[in-house]
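Chemist: Before anything else, here's the structure in question.
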Amino acid sequence: MVSRTAAFTRLRPAPPALAAWLCAAATVLCQILYSVTDPGGRTPLTVLTVLCFAAASLADAWSRCGARAAVTLAAVAGGGGLLAEVAGLHTGFPFGRYEYTDLLGWPVAGVPGIVPLAWLMMAWPALLAGRALAVKPAGVVAVAACALAAWDVFLDPQMVDEGYWIWASPEPSLPLVDGIPVTNFAGWLLVAVVIQAALHHWVPRPSDPIPGPAAGPGPALYLWTWFSSVWAHFAFFGRPWVAVAGGVLMGAVAVPFAIRLGKGFRWARVSA
């Protein structure tokens, strides 16, 4: 049994974790405001949401695994995402042919600077899901890559509808996800495997396999993204079939992840 003092110490967030929770709260607020804002005024909220979410993931990585983990996350997920987007934009591989409009601004080699931060922001909670649901490295990478790629089932239709990028040939598309070529999701899965393999190799795995809330909001952000995306596409974005497709595909990771977290929290309360 653990003493009450020790249990309280374990539940009290460290400074990086507190910063992560504050950034996560800002992320949720921005997303709620985004859903009720007219389409023409959503771009500032899009940028602010990505910035807050990326900051939350970096702080969460720092809290759980140290400052080096945050640097690695920025280099691997942010840098790797940028390289993949530059390659995709100029060659069509691995996503298919597409082009960005000028709405997001701040281009780096033609790619809006906010885009690699989107890869970074979701790569971290997806890695936490993979590590919570699998033990062997191949299993962790597979689950984490699927967790990351499934999110794009929500992301791409939303961003295309906002006019942030345009597909040259959107067919054949994924069932229920009109306007987005299936090659895009195959490319996402390929890039996600590379990113998650590198992250899992270079970022140390904490001794506690269940990421608790005192360490930071990473798991909560993954589950919130799944739930809020289903609700937003159904209720606000006029894409109910995307809500179904994304809800099933991302939910294949999110639901077991939530169950695993719930079991871990119950065990922690009993131990305390």
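Bear in mind that the values in this text are calculations on the coordinates, not laboratory data. Since we're looking at a predicted model, the values are computed, not measured. Note that we place each Cβ from the backbone using ideal geometry, even for glycine, and neighbour counts take in every protein chain shown.
Chemist: Counting Lys and Arg as +1 and Asp and Glu as -1, what is the net charge of the other residues whose Cβ lies under 11 Å from the Cβ of residue 199?
Modeler: Combined, the nearby Lys, Arg, Asp and Glu give +2.
Chemist: Quick check on segment 6-165: take the gyration tensor over C-alpha atoms, sort the square-rooted eigenvalues as a ≥ b ≥ c, and tell me if it's rounded (a/c under 1.5), prolate or oblate.
Modeler: Verdict is oblate for segment 6-165.
Chemist: What does the C-alpha gyration tensor say about the overall shape of segment 215-259? Classify as rounded when a/c is under 1.5, otherwise prolate if a/b is larger than b/c, or oblate.
Modeler: It is oblate, given that a/c is not under 1.5 and a/b is not larger than b/c.
Chemist: Note the listed values [x] 61, 37, 33; [y] 68, 38, 33; [z] 55, 37, 36, then indicate which one is Cα extents along the principal axes in Å calculated from this particular structure.
Modeler: Read-out taken from this structure: [x].
Chemist: Amide H to amide H under 5 Å from residue 205: which residues, 5+ apart in sequence or cross-chain, H placed 1.01 Å off N in plane?
Modeler: Placed amide hydrogens put nothing under 5 Å from residue 205.
Chemist: Which angle from 0 to 90°, rounded to the nearest 10, does the C-alpha axis of helix 182-202 make with the longest principal axis of the chain?
Modeler: Once rounded, one gets 30 degrees.
Chemist: Is it possible to state the helix-based mean residue ellipticity at 222 nm for the chain, with each DSSP H run of 4+ residues giving -39500 (n - 2.57), the sum divided by total residues, to the nearest 500 deg cm²/dmol? What is it?
Modeler: -23500 deg cm²/dmol
Chemist: Follow-up. Using the Cβ atoms and a cut-off under 11 Å, what net charge is assigned to the surroundings of residue 159, where Lys and Arg are +1 and Asp and Glu are -1?
Modeler: Around residue 159, the surrounding residues sum to -3.
Chemist: For the chain, find the longest principal axis of its Cα atoms and tell me its angle to the long axis of helix 15-35, 0 to 90°, nearest 10.
Modeler: That helix lies at roughly 40 degrees to the long axis.
Chemist: From the Cα gyration tensor of segment 149-258, with a ≥ b ≥ c the square roots of its eigenvalues, which class applies: rounded if a/c is under 1.5, or else prolate if a/b is larger than b/c, or else oblate?
Modeler: oblate
Chemist: Would you mind computing, in nm to one decimal, how far apart the modelled labels at residue 25 and residue 67 are, each placed 7 Å from Cα along Cα→Cβ?
Modeler: 2.6
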